[in-house]
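Have a look at the structure below before the remarks.
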Amino acid sequence: MALWPFGKKNTGSNTGPDANEPQDAAVHPEEVVTEPESDSAGQAQAETLAGDADTELSGAPLLEDYDPVNGSTGPFDGDSVEIEDFDFTDFSEVTLNLGSMQVPLPKGSQVQVEMGEQGPKMIHIVTQYGRLTPVAFAAPNKGGLWEESIEEIADGMRSEGMPVSFEMGPWGREVVGTGTNGAIRIIGVDGPRWLYRVTAAAPAGREEGMTELARETVARSFVYRGQDAILAGNSLPVTLPTQLAQQVQQAVQARAAQQDGAEGQVPAGGNPNALQDALRQIMEYNNPENPNRQ
């Protein structure tokens with residue numbers, strides 16, 4: 001039995017917004033982060049230490065019947081399951097199509113695009129409880145990439161001074177880092193030749209709501225692995241819908257104009273502290289004194 005109240009549509013018609021054009025997913029200039037592109041592939045390849053799956057953990061009940069192809073709860077395999085067959089209107093009014101992922105946006109959320117030198121580096125979904133960052137990776141046929149990754153992810157967070165624990169979620173173990181101002185939770189789900197990973201950063205007092213919202217989003221997400229040869233551990237390519245890409249371009253141009261040609265202010269190289277920075281940024285965004293907060 002599915003844990004979420006969505007199901008197949010009764011008709012084949014789709015009267016909602018175009019899934020390829022997220023009309024409500026506005027991007028504001030202050031929400032476009034321009035940084036050098038990090039070596040996400042190398043980071044993913046490094047996340048390969050095996051975890052101890054036998055430890056008894058507290059948390060949500062495990063989804064015993066999870067099936068990304070034939071099941072009723074996602075994340076679904078988009079190459080085998082049609083997203084148009086499902087009704088997510090209880091949760092979302094528009095779906096963000098990123099090519100390798102389709103993510104129904106929680107009602108009232110906004111999209112934040114983090115740009116690298118070669119294009120969009122990270123896509124964040126800003127919600128009332130915090131920020132979600134979905135990423136899809138290529139994975140081996142045998143699966144198991146998530147369990148191979150979580151200990152290394154946890155060690156990386158501990159190296160940044162964050163206490164880390166593991167909690168049981170609907171799809172297995174989740175990594176939870178706790179800071180003085182909030183928490184960061186990483187959910188991973190193995191599918192057919194892919195791994196779907198969502199990072200949820202929440203300020204203090206909103207952790208519970210963020211956890212529920214993150215799991216709700218994961219349960220409605222679709223991953224499209226495709227047939228291209230991609231090394232296991234590499235992130236699947238992301239493409240922006242036309243309208244969103246235009247908004248990003250305008251925002252980047254506006255920011256460049258404000259900087260008045262100033263160069264050398266962005267540090268060279270990647271960002272090895274991406275997980276910690278995601279938490280820090282969402283704390284700043286949700287600060288009531290932040291003039292950029294919507």
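The values are calculated or read from the model by the stated rules, or taken from the named source; none is laboratory data. Keep in mind that what you see is a predicted model, and the values were worked out from it rather than measured. Positions of Cβ are backbone-derived with ideal geometry, glycine not excepted, and every protein chain shown enters the neighbour counts.
Count of region 99-116 residues, restricted to those that are buried (at least 21 other Cβ atoms within 10 Å of the Cβ) and either outside any strand (DSSP E or B) or among the aliphatic types (A, V, I, L, M) (or both), is 7.
Does at least one position in region 153-160 carry a residue that is assigned to a strand (DSSP E or B) and of a type in the set (S, T, N, Q)? So far as region 153-160 goes, no, none of its residues is assigned to a strand (DSSP E or B) and of a type in the set (S, T, N, Q). In this structure, P203 does satisfy being buried (at least 19 other Cβ atoms within 10 Å of the Cβ) and not aromatic (F, W, Y).
Just to be sure before I move on: is E82 free of Cβ contacts under 8 Å to residues at least 60 places away in the same chain and over 21 Å from the mean Cα position of the chain (by Cα) in the structure I sent? Break it down into steps so the answer makes sense when it comes.
Values: free of Cβ contacts under 8 Å to residues at least 60 places away in the same chain: yes; over 21 Å from the mean Cα position of the chain (by Cα): no.
No.
Do the conditions hold for M162, that is, is it touching a Gly at 6+ places or on another chain (Cβ under 7 Å) and of a type outside the set (G, A, S)? It is true that M162 is touching a Gly at 6+ places or on another chain (Cβ under 7 Å) and of a type outside the set (G, A, S).
Just a yes or no: is a residue in region 144-166 of a type in the set (G, A, S) and under 14 Å from T211 (Cβ atoms)? Yes.
State yes or no: is L105 touching a residue at least 40 places away in the same chain (Cβ under 8 Å), touching a Ser or Thr at 6+ places or on another chain (Cβ under 6 Å) and on the phi < 0 side of the Ramachandran plot? Yes.
Residue-by-condition table, conditions (1) crowded, with 22+ Cβ neighbours inside 10 Å; (2) within 14 Å of I153 (Cβ to Cβ):
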site: T178; (1), (2): no, no
site: L195; (1), (2): yes, yes
site: T211; (1), (2): yes, no
site: A214; (1), (2): yes, no
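Residues that are in contact with a Leu (Cβ under 6 Å, 6 or more places away or on another chain) and among the polar types (S, T, N, Q) occur at least once in region 75-98.
Return a yes/no flag: does region 117-132 have any residue that is under 15 Å from T199 (Cβ atoms), among the polar types (S, T, N, Q) and at pLDDT 95 or above.
Residues of region 117-132 under 15 Å from T199 (Cβ atoms): 121-127, 129-132.
Within this subset, residues satisfying the condition of being among the polar types (S, T, N, Q) are 127.
Those still in the list that are at pLDDT 95 or above too: 127.
The answer is yes; a qualifying residue exists.
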